[in-house]
Amino acid sequence: MSVVVLGSINLDLVAQIDKIPVPGETRLARSMVTLPGGKGANQALAAQRMGAHTIMLGMIGEDAFAMQALKFLRQDGVDLSHIGVSKTSPTGLAFIVVEEGGQNAITVVPGANAEVGSDALADLQQVLGPSDVLVLQCEIPLEVVERAVITAKKVGARIVWDPAPASKNLPKSLFKADIVAPNQGEAEILLGVPVTDVRTAKIAARQLRSRGAQVGIVKLGAEGVVWATSRGLFYQPGEEVQAIDAVGAGDTFAGALAARLDAGEALGDAIRVANRAAALSTTKTGAQSSFPWLKDVPGL
Ligand code: RIB
């Protein structure tokens with residue numbers, strides 16, 4: 001049993017700033033760090049740290065950024081034997097500003113991530129088994145994500161889809177993933193309905209099911225998480241933490257959820273663990289640098 005992640009690998013340039021600039025504004029940052037990132041790579045690291053044997057499929061460039069981008073995945077023992085190297089595009093980059101209180105704004109330059117294609121899909125067919133969990137996002141070409149869903153359905157593997165970054169007309173077939181888990185803002189974009197609180201999140205979670213998902217999850221950040229299944233609607237409140245940086249919290253949730261499902265945990269338990277792990281990740285700077293290990297998650 002493994003978690004297989006097909007997705008993006010980036011190097012994150014993270015600036016800490018008092019307030020995220022508005023269009024046309026220039027602001028001075030307090031400090032800057034360079035850290036491994038990318039939604040796919042982040043989810044792979046989170047899954048590995050939460051106890052899963054994890055395989056990462058994606059692409060990097062032939063540059064110095066690549067080694068930095070893969071540093072934590074390598075240290076933590078994620079299987080990187082299927083990472084492709086582009087001869088023409090650089091490793092993906094993300095320019096991130098994090099303001100006081102932890103909110104962020106991110107610009108991604110996809111680079112080699114845009115070249116993830118048939119080689120990665122061939123590798124996916126090779127590694128994915130019926131008892132595995134496949135994790136997908138939207139930072140590689142969407143037609144590749146669609147084909148990965150078809151592959152996983154054929155194989156009988158479960159699919160966790162984190163529809164980020166979200167956009168209005170994402171392919172309908174992606175909603176057929178077993179679990180679809182947007183955050184509040186992404187749910188609004190995907191469904192075209194306001195999601196402002198637990199009540200409206202429950203409506204959105206149900207709508208995700210009516211689009212084809214077995215389980216619709218809406219992550220509400222500090223307010224917790226709501227999910228809809230064939231058995232009804234559920235809510236887990238947020239954890240009390242001192243949040244300083246929310247970058248990668250959604251990725252922690254997706255990776256941790258996949259890992260705990262892969263370990264055989266019931267859905268509700270896996271979601272509660274993922275909720276705690278995501279909250280913990282907001283207490284430190286950066287994405288991967290903030291991800292907890294299973295032993296760090298309280299109550300386990
Ligand atoms: O979800 C956070 C991630 O989004 C960052 O690590 C950045 O690389 C972008 O992909």
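The values are calculated or read from the model by the stated rules, or taken from the named source; none is laboratory data. Treat the numbers as computed from the prediction; the structure is a model and nothing was measured. Here the Cβ positions follow ideal geometry from the backbone for every residue, glycine too, while neighbour counts run over all protein chains shown. For accessibility, only protein heavy atoms count, side chains too; no ligands or nucleic acids. Shrake-Rupley method; radii C 1.70, N 1.55, O 1.52, S 1.80 Å.
Normalised radius of gyration (Cα atoms, divided by 2.2 N^0.38 Å) for the range 1-87: 1.28.
In the assembled protein chains, SER289 presents an accessible area of approximately 40 Å² (probe radius 1.4 Å). Surface analysis of the chain yields an accessible area of 42 Å² per residue, using protein heavy atoms and a 1.4 Å probe.
Rolling a 1.4 Å probe across all protein chains gives ASP269 an accessible area of roughly 80 Å².
Computed about the Cα centre, the dipole magnitude for the chain is approximately 780 debye when only Lys and Arg (+1) and Asp and Glu (-1) carry charge, each at its Cβ. Rolling a 1.4 angstrom probe over the chain with all protein chains present gives an accessible area of which 53% lies on carbon and sulfur atoms.
Assign one of three labels to the range 44-175, namely rounded, prolate or oblate, based on the Cα gyration tensor with a ≥ b ≥ c the square roots of its eigenvalues; rounded applies when a/c is under 1.5, prolate when it is not and a/b is larger than b/c, and oblate otherwise. The shape class here is rounded.
Restricting the trypsin sites (Lys or Arg not before Pro) of the range 1-48 to loop positions (DSSP other than H, G, I, E, B) with no more than 14 neighbouring Cβ atoms within 10 Å leaves LYS19, ARG27, ARG30. Straight Cα distances below 20 angstrom link LYS71 to the lysines LYS39, LYS284, with same-chain residues fewer than 8 positions distant left out.
Of CYS138, ALA52, PRO237, which is farthest on the positive side of the dipole of the chain, counting Cα position, with +1 on Lys and Arg Cβ, -1 on Asp and Glu Cβ, and the Cα centre as origin? Looking along the dipole axis, the top candidate is PRO237.
For the range 144-184, the Cβ-based charge dipole about the Cα centre amounts to some 180 debye (Lys, Arg positive; Asp, Glu negative; other atoms uncharged).
A convex hull fitted to the Cα coordinates of the chain yields 125 cubic angstrom per residue. In percent, rounded to a whole number, the relative contact order of the chain is 19, using alpha-carbon pairs under 8 Å and six or more apart. For the range 75-181, applying the loop criterion from DSSP together with a ceiling of 14 other beta carbons within 10 Å to the trypsin sites (Lys or Arg not before Pro) yields LYS87, LYS168.
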